[in-house]
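The values are calculated or read from the model by the stated rules, or taken from the named source; none is laboratory data. Since this is a predicted model, take the numbers as computed values, not measurements. A quick note on method: Cβ atoms are made from the backbone with ideal geometry, for glycine too, and the neighbour counts reach across all protein chains shown.
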Amino acid sequence: MSQNNFHAHIRMHPLFKGLPESIFNEYMQACELKAYKKSETVLYKKAPREGLLLILNGMAEVFVADKQHTQKEVLEVLQKDDMIGFSGLADFIEGKTENPHRFAIEVCALEDSNCLHIPYSVIEKRWSDPAVREFIMQQAVIRLQDIYESFAEQVQLANKWGESEPFIRRVQDVMSEPVVIVDLEDDVQDVAEEMVKHATSSVVVLNDGGQLIGIITERDLVRRVVAKGLGPGVMAKDIMTSHPFIISRTAYYYEAMSSFLMNGVKHLPVMCGGRVVGMVTLSDLLRKKNRGTMELVQTIEESTKETIHELEPAMYEVLSTLIQDGIPTVHTLDVMTKLYDRLALHAVKLAVDALREKGLGDPPVAFAWYMMGSGGRGEQFMLTDQDHFLVYNNEGNRGQVETYFQQLGCEIVSQLEAAGYERCKGKMMASVPQWRGTVTEWQERLRGWGLRATNENLLLAHNFLSFRYLYGDEALHDQFVRLVKDQLRSSRIFLFRMAEMEKEHPVPTFDHPIRALFGIKRETVDLKKHALFALHHGLQLLCAKHGIIEGKPLEQMALLTELHVLSETTVDALRFAYEVVLRIRVESAWNAHKLGVEPTSEVNFMHLRSKDKEELLIALRTIRGLQNQVVAGV
């Protein structure tokens, strides 16, 4: 690419703007156009600075690395029209230094980039112009301010992580060892004696090759032996839980906690090199870290409609602890989604019980209950409004079936409302006829959306396609998923209209946060509307096109990678973007909650921390790339 391609752009830069053509051409003769490939070093540390680099296109990052370049701290991210090399201005202003060690920072290209090298000889000639001098000094001050802010933030995070147990404490630090082992053929009486002897609440079962094949806990002995009146003669293999959940000894504390909550277990055999080396329990973690509120995992099921509202403060206490400990947002959402799933499932069970108590009996036909929205996507971290629907079989007396599920839909809404979920303003709830029905009715409903692809129906479809099965008959669920796949397969025009709608709502472009001198065109960004919706809709369209109906966003990304729809590089970038947007959204909403302000998905761009601005800029760029790919390919 030649210098002429960038001539007009350079001509309008504050360093050169207003110059006569002849003088501008003279300066360009002294400058040099340089091209850098992705990941190529632009400036090395200790290398002498001979001028400034103006980024004409692409992006670069400024960082400090260790000697081996195995770890680095990014100070800032630069993009088009930013300048590199302000750290060397002292050479120009005060005279050249002979100390090469003072340049500790490096710069590398984040993507293919073109830069204009402007030597200090040109800067010197332009220095007499007050406007140029003011521009350079303002840019240097702004850059210094941002770097100091970024550096201070990273020091704080480093101190926090250094003291935060979930980041430095691993499973091997809290596990019990050695683990107590029993054989397949051991009598349960002997198993119980081993537990008493070693004061343990669990033992592992190994085969002759020393491989883990099962686990037996105190609860197993009570439920599978004592409660059934069994005794001697029953062997370990008869009561063990086969293929138990396991964890690595090098896994972090928060990973173990997530596994306990997500899998509903209290014991995890600890593995190393394919061998059991210890046991970690939920009690071990709770003793190491005072997280009594996490015991609500066991108390949710004990709540009633009158007491279920008492769980909300405990839920928020868990969220607060996870945020304060700096747990990665994706893991935080995994934990919170699992807790809210338990709460929602319990609400449905209470609804079914309530109808039974009212004399309506058991459900007349098989049914399935689904969540949509943030709950369906596994992104729920605070109690939101309700988004759910019911599907039930075509069998039975039509009037009786419809009466029952109309009552059940209303009761589910009532139970969830008691738990703290507000009613959906858009009335996307199972209490509304449009969001419940037989398999046949749902088939007609989906066909109707396809035939009448209005903006309203497109919005309904987007929300619907975030559905996640939570309760009910699995065979019916499988049938329903096949129905949705078939309908989407025959409604290509509907997918086309969804893509067309995305064209009308492009991910916005923001000025770079560091370039505060020129102001920010857009002061706020709606993280749901401008980022998450575009990401979700893009994934939904790609998944629908390739026969993928279910899955949370990260699961959808993995499936699209397996099908070679998206490259691993693209998915890595999307995961990063997803994590960044979610983290900023969670922190913003939680801070609003603590201040007693109504949480919103809209954040003020200029109020974000330096690091968040830089990462959000990259995230929006990545999501915009996905949106463009989807719009072009559907």
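For the range 435-481, a residue qualifies if it is under 20 Å from Ile412 (Cα atoms) and aromatic (Phe, Trp, Tyr), and the qualifying residues are Trp435, Trp442, Phe464, Phe467, Tyr469, Tyr471. For beta carbons closer than 7 Å, sequence separation of 6+ or different chains, a first residue in the range 548-574 that is assigned by TED's automatic domain parsing to the domain that holds His536 and a second that is surrounded by fewer than 19 Cβ atoms within 10 Å (Cβ to Cβ) and of a type in the set (S, T, N, Q), the qualifying pairs are Glu568/Thr561; Val571/Thr561. The set of residues in the range 575-598 that are touching a residue at least 12 places away in the same chain (Cβ under 8 Å) and exposed (fewer than 15 other Cβ atoms within 10 Å of the Cβ) contains only Phe576.
Restricting the first member to the range 30-59 and to residues that are in contact (Cβ under 8 Å) with a residue 60 or more places away in the chain and closer than 26 Å to Phe16 by Cβ, and the second to residues that are buried (at least 20 other Cβ atoms within 10 Å of the Cβ) and aromatic (Phe, Trp, Tyr), the beta-carbon pairs closer than 7 Å and six or more apart or on different chains are Val42/Tyr36.
The numbered conditions (1) in contact with a Lys or Arg (Cβ under 6 Å, 6 or more places away or on another chain); (2) within 23 Å of Gly378 (Cβ to Cβ) are all true for Ala461 except (1).
Listed here are the residues, each with its yes/no results for (1) over 20 Å from Ala140 (Cα atoms); (2) modelled with pLDDT under 85; (3) in the same structural domain as Asp612 (by TED's automatic domain parsing).
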site	(1), (2), (3)
Lys37	yes, no, no
Tyr44	no, yes, no
Pro48	no, yes, no
Ala60	no, no, no
Phe63	no, yes, no
Gly88	no, yes, no
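It is to be established whether one or more residues within the range 390-407 are farther than 30 Å from Asp486 by Cα, surrounded by fewer than 20 Cβ atoms within 10 Å (Cβ to Cβ) and at pLDDT below 95. There is no residue in the range 390-407 that is farther than 30 Å from Asp486 by Cα, surrounded by fewer than 20 Cβ atoms within 10 Å (Cβ to Cβ) and at pLDDT below 95. Taken over the range 209-228, the residue count meeting the criterion of being of a type in the set (A, V, I, L, M) and either touching a helix residue (DSSP H, G or I) at 6+ places or on another chain (Cβ under 8 Å) or touching a residue at least 40 places away in the same chain (Cβ under 8 Å) (or both) is 5. Listed by first and then second residue, the pairs linking a residue in the range 489-504 that is closer than 14 Å to Leu542 by Cβ to a residue that is basic (Lys, Arg) and surrounded by 13 or more Cβ atoms within 10 Å (Cβ to Cβ), with Cβ atoms under 7 Å apart and 6 or more places separating them unless they lie on different chains, are Leu495/Lys545. Tell me yes or no: at least one residue of the range 418-427 is more than 27 Å from the chain's Cα centre (by Cα) and among the acidic types (Asp, Glu). No; the residues of the range 418-427 include none that is more than 27 Å from the chain's Cα centre (by Cα) and among the acidic types (Asp, Glu). Taken over the range 21-62, residues that are surrounded by fewer than 14 Cβ atoms within 10 Å (Cβ to Cβ), on the phi > 0 side of the Ramachandran plot and touching a helix residue (DSSP H, G or I) at 6+ places or on another chain (Cβ under 8 Å) amount to 1.
Please work out if Gly426 is at positive phi and not in a helix (DSSP H, G or I).
Numbers: at positive phi: no; not in a helix (DSSP H, G or I): yes.
When the stated conditions are applied, Gly426 does not pass them.
Could you identify the single residue in Glu98, Glu111 that is surrounded by fewer than 19 Cβ atoms within 10 Å (Cβ to Cβ), part of a loop (DSSP other than H, G, I, E, B), out of contact with any helix residue (DSSP H, G or I) (no Cβ under 9 Å at 6 or more places or on another chain) and at pLDDT below 75?
Values: Glu111 fails: at pLDDT below 75.
Testing whether each residue is surrounded by fewer than 19 Cβ atoms within 10 Å (Cβ to Cβ), part of a loop (DSSP other than H, G, I, E, B), out of contact with any helix residue (DSSP H, G or I) (no Cβ under 9 Å at 6 or more places or on another chain) and at pLDDT below 75 leaves just Glu98.
Note on the range 442-478: among residues that are in a loop (DSSP other than H, G, I, E, B) and in contact (Cβ under 8 Å) with a residue 24 or more places away in the chain, the one that is surrounded by the most Cβ atoms within 10 Å (Cβ to Cβ) is Ser466. When Ser431 is tested against (1) part of a loop (DSSP other than H, G, I, E, B); (2) touching a His at 6+ places or on another chain (Cβ under 8 Å); (3) small (Gly, Ala, Ser), exactly one condition is not met: (2). Is the range 391-410 home to any residue that is free of Cβ contacts under 8 Å to residues at least 60 places away in the same chain and within 23 Å of Glu312 (Cα to Cα)? Yes - at least one qualifying residue is present in the range 391-410. Counting only residues that are crowded, with 20+ Cβ neighbours inside 10 Å, closer than 26 Å to Ile584 by Cα and at pLDDT 85 or above, the range 488-532 holds 7 of them.
The residue pairs whose first member lies in the range 614-629 and is under 17 Å from Glu523 (Cα atoms), whose second member is among the charged types (D, E, K, R), and whose beta carbons are closer than 7 Å, counting only pairs six or more residues apart or on different chains, are Glu614/Glu76.
Listed here are the residues, each with its yes/no results for (1) acidic (Asp, Glu); (2) touching a helix residue (DSSP H, G or I) at 6+ places or on another chain (Cβ under 7 Å); (3) crowded, with 19+ Cβ neighbours inside 10 Å; (4) on the phi > 0 side of the Ramachandran plot.
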{"residue": "Glu317", "(1), (2), (3), (4)": "yes, yes, no, no"}
{"residue": "Thr329", "(1), (2), (3), (4)": "no, yes, yes, no"}
{"residue": "Thr332", "(1), (2), (3), (4)": "no, yes, yes, no"}
{"residue": "Thr337", "(1), (2), (3), (4)": "no, no, yes, no"}
{"residue": "Val348", "(1), (2), (3), (4)": "no, yes, yes, no"}
{"residue": "Asp353", "(1), (2), (3), (4)": "yes, no, no, no"}
{"residue": "Asp362", "(1), (2), (3), (4)": "yes, yes, no, no"}
{"residue": "Val365", "(1), (2), (3), (4)": "no, yes, no, no"}
{"residue": "Met372", "(1), (2), (3), (4)": "no, yes, yes, no"}
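Can you work out which of the residues in the range 291-343 that are part of a helix (DSSP H, G or I) and basic (Lys, Arg) is modelled with the highest pLDDT?
We begin by selecting, within the range 291-343, every residue part of a helix (DSSP H, G or I); these are 292-302, 308-324, 329-343.
Filter once more, keeping what is basic (Lys, Arg): 338, 342.
Values: Lys338: 84, Arg342: 88.
The selected residue is Arg342.
In the set Ala354, Ala366, which member is more than 30 Å from His536 (Cα to Cα), touching a Gly at 6+ places or on another chain (Cβ under 9 Å), modelled with pLDDT of 90 or more and of a type in the set (Gly, Ala, Ser)? Among Ala354, Ala366, only Ala366 is more than 30 Å from His536 (Cα to Cα), touching a Gly at 6+ places or on another chain (Cβ under 9 Å), modelled with pLDDT of 90 or more and of a type in the set (Gly, Ala, Ser).
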